[in-house]
Amino acid sequence: MEGQGMRKKGRPRSVDYFISFGYCSLKTPIPLEVSMDIKKYVYDLALGARAGARSLAKASSAQKNSALIAMAEALRKGASELISENKKDISYAGGKGLSKALIDRLTLNEKRIDEMARGLVEVAQLPDPSGEIIKMWQRPNGMTVGRMRVPIGLIGIIYEARPNVTADATSLCLKAGNAVILRGGSEAISSNRAIVKILRNVAKKEGLHEGAITFIDITEREAISEMLKLEGIIDLIIPRGGEGLIRTVTENSRIPVLKHYKGVCHVFVDRDADPIMAEEICFNAKVQRPGTCNAMETMLVDETIAEGFLPGMLGKFENAGVELRGCPRTLSIYPDITEVREEDYYREYLDLILNVKVVKDMEEAMDHIATYSSAHTDSIVTMNYDRAMRFLREVDSSAVLVNASTRLNDGFQFGLGAEIGISTDKIHARGPMGLEELTCTKFIVFGSGQLRE
């Protein structure tokens, strides 16, 4: 399909098309034959993006903030165009048989475009971490040593059917002084192309290097393979999408990867939970937007309150269209649902499907989480302070919540501005990745002629 970035045989795009996006210069033209030299195409893009990273590292906070605010306004003004392009992607996704939840993640409307724009403005209002000196100490020889935050450099983002990631990733990378090279999924090619065009046009008007926002505008999978080989040009890869995508990227990348494989998230309803609060939290965690990585996949309920809590809660879920899968003790209380299987506890449904398990106590709940959780997000609903604090200490996930929905594990909700992803790694960054997580540190030294003895 032409609208999905595919080209009919013998009908290549023109050089003017690529130049209009800043993807090549007349000195390094994109090959015109249908069998495009993907390796050269990606390599040339990455070199341009690398130049953008060097330039952006010199930009002032005021210049970056001005660009972000202008980008937000341009997105709002371009809403009708974005929605029109997004409709092409939705039609394509429907033809591929994507689930309603995934199509929901793909869909742009005026509200979501305004949310993207507000995300850019909020990032502009956050402190610029680049150049911040976070610690200083003096050595016996009089030398002063410190650590300074600096941009990582060029960050590659590989993502699936979520066009808002294009704006979110760009805003965070730009504010932290990093260039970004974006490779979105084929399902969102028209939407991503339109968003990038708007952002790059603003960057140019604001005096920023266009290479700082680079988009791989082809859908061939080979582009990802070539991107992952560019060690020494791209500094960090962040994949965002399903487990299959993330594992493929991790297994094939020569570049460091920050990731989470999947979001198998839990809410444990403790015996001392406020029942109304518990019902509202669990319903929100599953139903509010089930196709996200921080949606609840398993609800754990203390056996002391199960008979009183489950009938109303599960009835509310069923009325909302949730398919329920319960353990034997759940089935004894609410029989007309499917029995959960062992393998279901490992699954990230990304849909209106929920596992329900009755547990003896918090110990069993935490044991279950330790066994099946993906270390993404887990929550307890309780009014018991001691159990709440134990849960916080002992559950080993990127975010652990008390009396709050798992859906809140999000950079925007945590006050980081739009996030670039949620990491379940334990090195460099863990949890929602905001501006500080998109920098690294270097040592700085102030001397007065000190020499090594």
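The values are calculated or read from the model by the stated rules, or taken from the named source; none is laboratory data. Keep in mind that what you see is a predicted model, and the values were worked out from it rather than measured. Ideal geometry is used to build each Cβ from the backbone, glycine not excepted, and the neighbour counts take in all protein chains shown.
Can you name every one of the strands (runs of 3 or more DSSP E) wholly within region 70-161 that holds 1 or more residues which are outside the structural domain of Gln288 (by TED's automatic domain parsing), farther than 25 Å from Val287 by Cβ and under 24 Å from the mean Cα position of the chain (by Cα)?
It comes to 144-151, 154-159.
Could we say that Ile155 is within 27 Å of Asn294 (Cα to Cα), crowded, with 16+ Cβ neighbours inside 10 Å and touching a strand residue (DSSP E or B) at 6+ places or on another chain (Cβ under 7 Å) here?
Here the answer is yes, as Ile155 does meet what is asked.
Residues checked against (1) surrounded by fewer than 21 Cβ atoms within 10 Å (Cβ to Cβ); (2) modelled with pLDDT under 95; (3) outside any strand (DSSP E or B); (4) not assigned by TED's automatic domain parsing to the domain that holds Ala161:
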position: Glu220; (1), (2), (3), (4): yes, yes, yes, no
position: Arg247; (1), (2), (3), (4): yes, yes, yes, no
position: His260; (1), (2), (3), (4): no, yes, yes, yes
position: Glu279; (1), (2), (3), (4): yes, no, yes, yes
position: Pro290; (1), (2), (3), (4): no, yes, yes, yes
position: Val301; (1), (2), (3), (4): no, no, no, yes
position: Ala306; (1), (2), (3), (4): no, no, yes, yes
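Does region 93-106 hold any residues that are under 19 Å from Ser80 (Cα atoms) and crowded, with 20+ Cβ neighbours inside 10 Å, and which are they?
Scanning region 93-106 gives Arg105, Leu106.
Conditions tested, residue by residue: (1) outside the structural domain of Leu154 (by TED's automatic domain parsing); (2) more than 27 Å from Thr166 (Cβ to Cβ); (3) in contact (Cβ under 8 Å) with a residue 60 or more places away in the chain.
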{"position": "Ile422", "(1), (2), (3)": "yes, no, yes"}
{"position": "Lys426", "(1), (2), (3)": "yes, yes, no"}
{"position": "Met433", "(1), (2), (3)": "yes, no, yes"}
{"position": "Glu437", "(1), (2), (3)": "yes, no, no"}
{"position": "Cys440", "(1), (2), (3)": "yes, no, yes"}
{"position": "Gln450", "(1), (2), (3)": "yes, yes, yes"}
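If you take the residues in region 423-450 that are of a type in the set (Gly, Ala, Ser) and more than 17 Å from the chain's Cα centre (by Cα), which one is surrounded by the fewest Cβ atoms within 10 Å (Cβ to Cβ)?
So the residue we want is Gly449.
Do the conditions hold for Arg149, that is, is it among the basic types (Lys, Arg) and touching an Asp or Glu at 6+ places or on another chain (Cβ under 7 Å)?
Yes.
Of Arg183, Arg162, Arg200, which residue is farther than 18 Å from Leu245 by Cα and of a type outside the set (Ser, Thr, Tyr)?
Arg200
Any chance you could count how many residues in region 399-432 are aromatic (Phe, Trp, Tyr) and within 18 Å of Ala375 (Cβ to Cβ)? Please lay out each step first, then the result.
The first filter runs over region 399-432 and keeps only residues aromatic (Phe, Trp, Tyr), leaving 412, 414.
In the following step, the residues that additionally are within 18 Å of Ala375 (Cβ to Cβ) were identified as 414.
Of the residues in region 399-432, 1 are aromatic (Phe, Trp, Tyr) and within 18 Å of Ala375 (Cβ to Cβ).
Based on what the data block shows, is Ile213 in contact (Cβ under 8 Å) with a residue 60 or more places away in the chain and within 12 Å of Ala49 (Cα to Cα)? Show your work before the answer.
Values: in contact (Cβ under 8 Å) with a residue 60 or more places away in the chain: yes; within 12 Å of Ala49 (Cα to Cα): yes.
Considered against the rule, which asks whether it is in contact (Cβ under 8 Å) with a residue 60 or more places away in the chain and within 12 Å of Ala49 (Cα to Cα), Ile213 comes out as yes.
Being closer than 17 Å to Lys259 by Cβ and either in a helix (DSSP H, G or I) or at pLDDT 95 or above (or both) is the requirement here; does Leu182 meet it?
yes
Taking into account only those residues within region 235-245 that are assigned to a strand (DSSP E or B) and in contact with a Lys or Arg (Cβ under 8 Å, 6 or more places away or on another chain), which is farthest from Ile427 (Cα to Cα)?
Out of the qualifying residues, it is Arg240.
Quick check on this structure: which one of Met143, Met136 is without any contact (Cβ under 8 Å) to a residue 12 or more places away in the chain, of a type outside the set (Val, Ile, Thr) and over 14 Å from Met71 (Cβ atoms)?
Met136
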